[in-house]
């Protein structure tokens, strides 16, 4: 007796990798959270927390069904079912701009706030502390935000946690600095040499605790920076890069010398409604930067606000665009396909839960 085996989902003539059909996509939008998943042989999109102004998302790396959302003044929310339902967790009244969950202990959560501050929970978000050392960072009186009023108020745009050292934390300030803590956030350095002061994103390599990546807006075309010593010193290569306003970064999960950057010509293009004039770039080994095409719009009218990879999936990279479209490449960026759903919009943040 013949068995009718369902055909794998396809986009055009390309089979979507199993890793993506097994993944839930969650994005901050202009009204809550959009959630896409593949069930019963089709993609479905739902919208959650629509009454909240959600600014950032984070996934528990040990239990991806547990997620966190930071909001504009309503604190932190948690989901324990892959983003289908959400409950208030804490930090009521705090503007939360960034979140990170420790890969060593999922009870340890970091929240970056506006005005610039770090909050830490060591019991899964039940209680939070505000280590006073962050307020003593050298040079912080010079920080300010060019992005949103009041423009004198900077905020913690990005937090990165080492995959190998549970005490190593880096934070990126918009606008001001990339700062470093080696004691779990209790005390902090000033700006790290060579990093981009207008920081938009920070990431450690998935397994290599010496390798870090930054997207930001710098002088002389410095849109992306990298570190090979755990964030102590940085270089910002420009060879082959023709955009100066960097945003998202990610790296291949197995090859730390291959990393990706999205960049535009400036903030008005990147965050405007008409034409981001943006590209996605790839750096391999000693460079130079390569502008990626292979099916991507050239240049993109929508800003690539998010770049993501998945553990154990070398060569697979995902891009989330401001218009709500999600693209992927299974060839390290050489060829791209668009996934057959729209999240409506992606307003700065996209995470993958698998």
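Miscellaneous remarks
- Contact order normalised by residue count of segment 1-160, Cα under 8 Å, 6+ apart, percent: 13 percent
- Most fluctuating residue given options 98, 262, 121, as computed from a GNM of the chain linking Cα atoms under 10 Å: 121
- Using a Förster distance of 56 Å, the FRET efficiency for residue 235-residue 46 (Cβ separation, nearest 0.05): 0.85
- Kirkwood hydrodynamic radius of the chain, Cα pairs, Å: 20.1 Å
- Label-to-label distance, nm, for residues given as residue 141 and residue 242 (7 Å Cα→Cβ offset): 4.4 nm
- Its relative contact order, with pairs defined as Cα atoms under 8 Å and 6+ residues apart, puts segment 12-353 at 12 percent.
- Calculated on the Cα set of segment 274-354, radius of gyration then Dmax: 12.4, 37 Å.
- Relative compactness, segment 165-285, computed as alpha-carbon Rg over 2.2 N^0.38 Å: 1.03
- Isotropic mean projected area of the C-alpha convex hull, segment 225-325 (nm²): 6.6 nm²
- Most mobile of 338, 141, 55 in a GNM of the chain (Cα contacts under 10 Å): 141
- If you look at the Cα atoms of segment 202-261, you get an Rg and a Dmax of 10.9, 31 Å.
- Extension gain, residue 84-residue 104: 0.36 nm per intervening residue step, less the Cα-Cα distance, totals 4.7 nm.
- Residue 255/residue 92 FRET efficiency (R0 30 Å; Cβ-Cβ; nearest 0.05): 0.10
- Paired Rg and Dmax values of segment 62-122, which use every Cα atom, in angstrom: 11.1, 31
- The stretch between residue 334 and residue 153, if pulled fully straight at 0.36 nm per residue, gains 61.1 nm over its current Cα-Cα span.
- When the chain is treated as a GNM with alpha-carbon contacts under 10 Å, the residue of 32, 246, 133 showing the greatest mean-square fluctuation is 133.
- Distance from the alpha carbon centroid of segment 143-181 to that of segment 208-287 works out to 16 angstrom.
- Using C-alpha pairs under 8 Å with a sequence gap of at least 6, the mean separation divided by the residue count of segment 147-207 gives a relative contact order of 33 percent.
- Between the C-alpha center of segment 77-113 and that of segment 296-324 there is a gap of 24 Å.
- Annotation: extensible slack from residue 186 through residue 127 equals 19.6 nm (criterion: 0.36 nm per residue apart, minus Cα-Cα distance).
Every number in this text was worked out from the coordinates using simple rules, so none of it is lab data. Please read all numbers here as calculations on a predicted model, not as lab measurements. Note that each Cβ is placed from the backbone with ideal geometry, even for glycine, and that neighbours are counted across all protein chains shown.
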